[in-house]
Each structure stands twice: as structure tokens, then as C-alpha cells.
Amino acid sequence: MPGSPVNTQRCTRVLPVDISKLGKFVFQDPDLSFLGDWTIHLSEGSVDAANLQEAASRLRSQDVPVAFPTETVYGLGADATRSSAVRGIYNAKQRPSDNPLIVHISSLAQLRNLLSTRDESGSIAGTDRDPIPDIYHPLISRFWPGPLTILLPLPAPSPLAAEVTTSLPTVAVRMPSSRLALALIQLAGTPLAAPSANSSSRPSPTTAAHVLHDLSGRIDLILDGGPCEVGVESTVVDGLANPPVILRPGDVSLDMLRHVTGWEDVTIAYKDGAEEAAPRAPGMKYKHYSPDARVLLFHGDMDANTTRKYLQTARTVGLLTTERWKPEVLQARPPCGDKYGVLSTSGRVSRDNESRSQVKETADASETVVEAIGEPSVESISPVQHSRIHLGGEDEFSIDVWTIALGPDTKSIARGLFSALRELDQKSVEVIFVEGIDDGKGGGARAAIMNRLRKAAELEIIL
Ligand code: TXA
Ligand code: MG
């Protein structure tokens with residue numbers, strides 16, 4: 001049923017698509033690659049091609065959105081020209097209807113068609129003027145296809161569904177570099193409006209399993225192309241402003257943008273806090289990227305026993321002063337089974353830490369004993385290591401800690417960030433202690449990581 005209510009239980013299928021088995025991408029000009037004309041010749045009898053075609057055909061004819069991978073995060077796509085289809089996205093995600101969507105295109109011809117002014121009969125008005133503003137030409141040549149979203153003037157009337165842009169005079173557009181995403185848009189034959197495929201306010205999904213976790217029963221189809229390469233959402237820029245600005249940090253940094261003609265003076269126009277008084281990118285005002293657990297963001301020079309320091313600090317700031325942490329309560333009923341998560345980004349906690357069961361390590365004989373318990377699971381993007389920490393002293397007790405080590409290199413932190421927050425949620429931890437990184441103030445991947453973490457965190461503590 002079009003625009004179906006969220007309580008409708010749908011049977012959600014996950015269909016794998018191996019991009020190497022799809023068929024052949026044919027470029028009219030190999031130098032231009034996806035920026036010139038291109039087509040895909042699907043392999044006959046390929047299951048992967050059939051899965052992609054099924055998704056494309058649903059996008060054309062139905063109003064329930066389809067989830068698909070991009071190089072940044074998984075998107076929840078719908079035909080951007082049909083209102084009923086776009087409303088399906090807001091429905092499935094429970095997204096506030098004043099938060100506009102990014103339109104994904106597979107060719108510049110498709111974009112020009114979208115931006116062209118039309119006469120009353122709907123025909124494109126004859127003009128030699130390129131509807132893509134000059135300021136964007138060098139940016140497109142340099143960064144598309146890729147993780148960069150640009151703000152463009154919306155023509156009036158516009159072929160886009162009004163629900164895509166809400167009441168704004170601009171539309172946010174990107175050409176993803178994921179070949180799977182490009183092939184899907186091309187086969188659907190229409191630009192796809194697609195926000196991240198999480199349920200609103202949750203961390204963005206970087207695997208098909210994350211999408212299934214959030215949207216199972218709400219959508220019919222998830223295309224599974226494996227884990228996303230970048231892991232954080234695209235950089236959003238506004239080149240219509242003078243000077244141009246970055247509205248959301250992503251993999252394309254301030255420094256990279258400043259090397260492009262016309263973008264030498266680009267500045268940062270986003271703030272990292274959870275709330276922004278007058279957000280220029282409307283999505284920035286909502287609670288975002290939050291796992292179920294509380295997130296505490298730490299900075300500072302950690303010693304070797306990172307976890308112990310986190311816990312001590314947590315006590316100092318009063319986090320551990322709820323009823324059951326009081327000495328009298330502890331004596332009567334030790335809080336066994338309390339669970340914490342640690343997300344380490346410094347590389348000090350080694351990924352393949354020697355975690356044979358029952359290995360005991362005394363960090364500080366009088367206070368803390370760490371007992372490493374589980375083998376890290378190797379299947380997930382973010383292997384989790386489980387230890388039990390025995391805290392000595394008057395109020396002796398033990399707690400369970402799940403640690404995920406992502407660092408120290410920026411790419412692996414970005415790639416594993418949302419996945420790690422979700423993995424730790426799966427362990428039902430109460431609090432996730434996150435080791436912050438230097439954001440470099442450069443609007444790039446490091447800034448994107450800290451921007452998302454600051455939105456997820458309730459507290460940021462400098463040690
Ligand atoms: O990497 C990405 O950009 C992913 C993948 C799926 O492509 N998409 C994504 O979409 O992150 P979403 O909807 O989660 O974030 C879109 C952001 C929001 O902050 C939104 O407010 C902003 O772009 N945005 C969209 N249209 C806008 C406009 N016309 N003016 C200013 N900001 C806009
Ligand atoms: Mg999002």
C-alpha cells in the first residue's frame with residue numbers, strides 16, 4: 001500500500017550483489033569515466049545482476065524505499081521525482097519531515113536534466129547556459145564520483161518531489177563512487193533521494209546487517225554489497241555562498257577543497273555540538289548517531305591501562321555515583337554483571353591483544369586486576385575483546401568491559417566508527433567510553449569522526 005504506516009510488518013530480504021559479477025561498465029570516454037556517458041552491460045544469468053534489476057524495478061514502480069550501499073554509508077533510496085516514493089523514506093526511517101534529502105545521480109546529463117528550467121508544458125526551456133554553476137565545475141572534475149555533496153539552485157518548477165528539499169530553494173546532490181550505487185541509479189533511470197539507511201538518530205549503517213537491524217519489517221529489500229569503504233557520510237559544501245562553506249565534514253577536507261580553483265577561501269560553517277542555534281544544514285539540529293548506550297568522549301594522555309583510567313575518571317565526574325555504586329550498597333550487593341564499552345582510537349589497545357582465556361594481568365596490584373576473557377571475533381569490522389576488571393579497595397567489585405580498538409590510522413577509525421558503536425550496543429553496555437582524536441580542524445575525515453562523536457556523546461572530558 002503506498003505510504004504505508006510504520007506498523008505494517010514487511011518481510012525484509014537481503015540480496016547480495018557482487019560488483020565483480022554484475023557485467024561490464026562501458027565508458028564513451030575512458031578518461032572521463034563516470035563523468036562522461038556510460039552504460040552497463042549486465043551479464044546474462046548473473047544472480048547479482050538479477051538482484052540489482054529487481055531493486056531498480058521496485059524503485060521505479062513502488063513506494064517502499066530500497067537500501068543500498070554507497071562508498072560512505074548505506075543509503076535508503078527512492079525515486080526522487082515521485083512524492084509517494086519519497087514519503088516512503090520518511091515513513092520507514094521515522095525521519096522528521098523538515099530534514100531534506102540528498103539526491104544521488106549517476107551522470108552529469110541526469111543532473112543537468114534535473115536542474116534545467118522548464119516551460120509550462122514541462123519541456124526544457126531552450127538555453128545554452130549550463131545549469132550547473134561555474135563554481136562547481138572544477139570541484140566535480142576533482143571529486144566526483146565520490147564522497148562530496150554540493151548544494152545547487154532548485155529550478156522552478158522542479159521535476160523533484162517537494163518532499164526531497166522540504167521548503168528550501170536548493171537541492172543537495174552527489175554522485176557516489178560506489179559502482180553498485182551508480183549501476184542501481186542508472187538501471188532505475190531516475191535520480192535517487194537517499195538519506196543514510198538507519199532509523200533516525202541511530203548511528204549510520206555501514207553494513208547490510210546494520211540496516212536490517214534498524215529497518216527490518218519496514219522495507220522490502222536491502223542490497224548487500226559488503227562493508228562501506230569510507231564509513232562516515234559525505235562532506236556537504238555550499239558553493240552558492242560567498243565565500244563557499246563546508247556544512248558537514250566528511251572525507252573531502254578543507255585542505256583538499258582549498259586547492260581547487262574558486263575554493264581557496266572555503267571556510268567551515270558547521271558546529272560540533274548536538275544543538276546548533278540556526279543550522280544551515282537542517283539535519284544538523286537533530287539528535288544524531290546515538291547508540292542506546294550513553295557515550296562519554298575522553299581526551300588526554302592515557303597510560304597503558306586505559307580502561308582503569310576511564311573508570312577512575314568516570315567515578316571522579318560522578319558517573320559511577322548512582323545508587324548501586326555507593327559503598328553501603330556495594331557491600332550488601334556487589335554490582336556484578338555491570339557492563340561497559342571502550343572504543344579505543346589511539347592504537348594503544350592492540351587489536352590482536354593476547355587475549356587467551358584466563359590470562360591475568362595486574363595493572364596496579366593494590367587496585368585493579370584485568371582478566372581477558374574472550375577471543376576477539378574476527379568476522380565483524382570491529383573485533384570486540386571482553387575483559388573482566390576486578391577493582392580492589394574498600395568497595396571491591398568487578399565489571400565487564402568490551403573493548404574495540406580502531407586506530408590509530410584515520411581511515412580505519414572512520415571505517416569502523418559506527419559499526420563499533422553498534423557492536424557495543426549489542427553487548428548491552430551502559431556506557432561507551434570513547435577515546436577522542438585530534439580533529440585537525442581541517443574539515444576532513446578526522447573532523448568528521450569527532451563531529452559525529454560529539455553529536456553522539458553526552459559529555460566530552462579533557463583529562
Ligand atoms: O554520504 C552521504 O551523504 C549519505 C549517503 C547515503 O549518500 N547520505 C546522507 O544523507 O548522509 P542524510 O540524509 O543522512 O544527510 C543529509 C544531510 C543532512 O544534514 C541534511 O540536512 C543536508 O544533508 N541537506 C540536504 N539537503 C540540504 C539543503 N538543500 N541545504 C542544506 N543542507 C541540506
Ligand atoms: Mg543520516
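When the accessible area of segment 36-123 is computed with all protein chains present and a 1.4 Å probe, what percentage of it is carbon and sulfur?
Details: 1470 of 3260 Å².
That share works out to 45 percent.
How do the peptides 431-440, 224-233 rank, highest first, by the average count of neighbouring beta carbon atoms within 10 Å per residue?
Those peptides, ordered most packed to least, come out 224-233, 431-440.
Quick one: how many Å² of Ser121 are accessible to a 1.4 Å probe, rounded to 10?
90
Taking 7 Å along the Cα-to-C-beta vector as the label spot, tell me the Lys271-Phe25 distance in nanometres, rounded to one decimal.
4.0
In whole percent, how big is the carbon plus sulfur part of the accessible area of segment 383-453, probe 1.4 Å, protein atoms only? Walk me through the numbers on the way to the answer.
Values: 1000 of 2210 Å².
With neighbouring chains kept in place, the figure for segment 383-453 is 45 percent.
So, in nm, how far is label Ser398 from label Ile462 when the simple model puts each one 7 Å beyond its Cα toward the Cβ?
Modelled inter-label distance: 3.8 nm.
So what is log10(I(q)/I(0)) for segment 88-165 at q = 0.12, 0.25, 0.28 1/Å, when the Debye sum runs over its Cα atoms only?
-0.42, -1.28, -1.40
Suppose R0 equals 22 Å; then what is the FRET efficiency for Ser33 and Arg258 from their Cβ-Cβ distance, rounded to the nearest 0.05?
0.35
With a cut-off of 8 Å between alpha carbons and a minimum separation of six or more residues, what is the relative contact order of segment 32-129 in percent? Don't jump to the answer; show the numbers that get you there.
On the way: 71 pairs, mean separation 19.3, N = 98.
Answer for segment 32-129 is 20 percent.
Hey, rough spin-label estimate for Arg60 and Ser121, points 7 angstrom out along Cα→Cβ, what's it come to in nanometres?
2.6
Kindly sort Met450, Met256 by accessible area of their heavy atoms, largest first, with the probe set to 1.4 Å.
The ranking, largest first, comes out as Met256, Met450.
For Ser33, Ser428, what's the largest-to-smallest order of accessible area, 1.4 Å probe?
The residues order as Ser428, Ser33, largest area first.
Send over the Kirkwood Rh of segment 1-86, from the inverse of the averaged 1/r over different Cα pairs, rounded to one decimal Å.
Mean inverse Cα-Cα distance, inverted, gives 15.0 Å.
Please sort 207-213, 9-15, 50-56 by packing, taking for each peptide the average over its residues of neighbouring beta carbons within 10 angstrom, highest first.
Final packing ranking: 207-213, 50-56, 9-15.
What accessible area per residue, rounded to a whole number of Å², is obtained for segment 1-125 using a probe radius of 1.4 Å?
Heavy-atom SASA per residue in segment 1-125 reads 47 Å².
Excluding ligands and nucleic acids, what accessible area in Å² is computed for Arg258 using a 1.4 Å probe, to the nearest 10?
About 100 Å², rounded to the nearest 10.
The values are calculated or read from the model by the stated rules, or taken from the named source; none is laboratory data. Note that this is a predicted model, so its numbers are computed, not measured. Here Cβ is always computed from backbone atoms with ideal geometry, including for glycine, and neighbour counts include all displayed protein chains. SASA here: full protein model, heavy atoms, side chains in, ligands and nucleic acids out. Shrake-Rupley method; radii C 1.70, N 1.55, O 1.52, S 1.80 Å.
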